[in-house]
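**Q** Take a look at the following structure, please.
The values are calculated or read from the model by the stated rules, or taken from the named source; none is laboratory data. Bear in mind that the values here come from a model prediction, so they are computed numbers and not experimental data. Don't worry about glycine lacking a Cβ; one is built from the backbone with ideal geometry, like all the others, and counts go over all protein chains shown.
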């Protein structure tokens with residue numbers, strides 16, 4: 001089993017490509033939820049993912065509703081947002097968890113954040129900035145989840 005990284009309505013192809021590369025190297029399934037602001041086969045996605053894109057364990061969902069209908073989400077998920085004070089390193093990640101990231105412009109929809117409020121996490125930042133790059137954020141949180149479950153990860 002491995003982690004699942006979920007991008008809700010990604011907007012920037014370079015971020016998605018970099019996250020795809022991250023997922024290949026971490027053995028993670030990448031879920032992309034439409035609408036997507038670009039063609040997933042776009043050159044910028046492939047360039048950022050380099051020669052990794054064809055190796056991505058990729059699942060594309062037609063909508064957020066479609067995703068939730070097909071995946072049982074309970075305490076097996078975390079939702080990255082700037083709208084909470086709970087740092088990601090307090091989360092107790094388990095192998096197989098879903099880690100959600102919203103679009104670069106809008107984040108995760110408010111109704112989802114509210115429904116899973118106790119599972120909202122954030123990356124602590126100074127007051128000088130409002131957010132980090134999506135690919136950097138995904139890497140920070142994903143590799144802490146791997147660190148917490150490293151004995152499961154080593155055998156891959």
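**Q** Give me the residue from the range 92-102 that is touching a residue at least 60 places away in the same chain (Cβ under 8 Å) and more than 10 Å from the chain's Cα centre (by Cα) and, out of that set, farthest from residue 28 (Cα to Cα).
**A** Among them, the one singled out is 93.
**Q** Does the range 43-76 hold any residues that are modelled with pLDDT of 95 or more, touching a helix residue (DSSP H, G or I) at 6+ places or on another chain (Cβ under 8 Å) and surrounded by fewer than 13 Cβ atoms within 10 Å (Cβ to Cβ), and which are they?
**A** Within the range 43-76, just 75 meets the criteria.
**Q** Collect the residues in the range 77-101 that are surrounded by fewer than 16 Cβ atoms within 10 Å (Cβ to Cβ) and over 14 Å from residue 123 (Cβ atoms), keeping them in residue-number order.
**A** Scanning the range 77-101 gives 92, 94, 95, 96.
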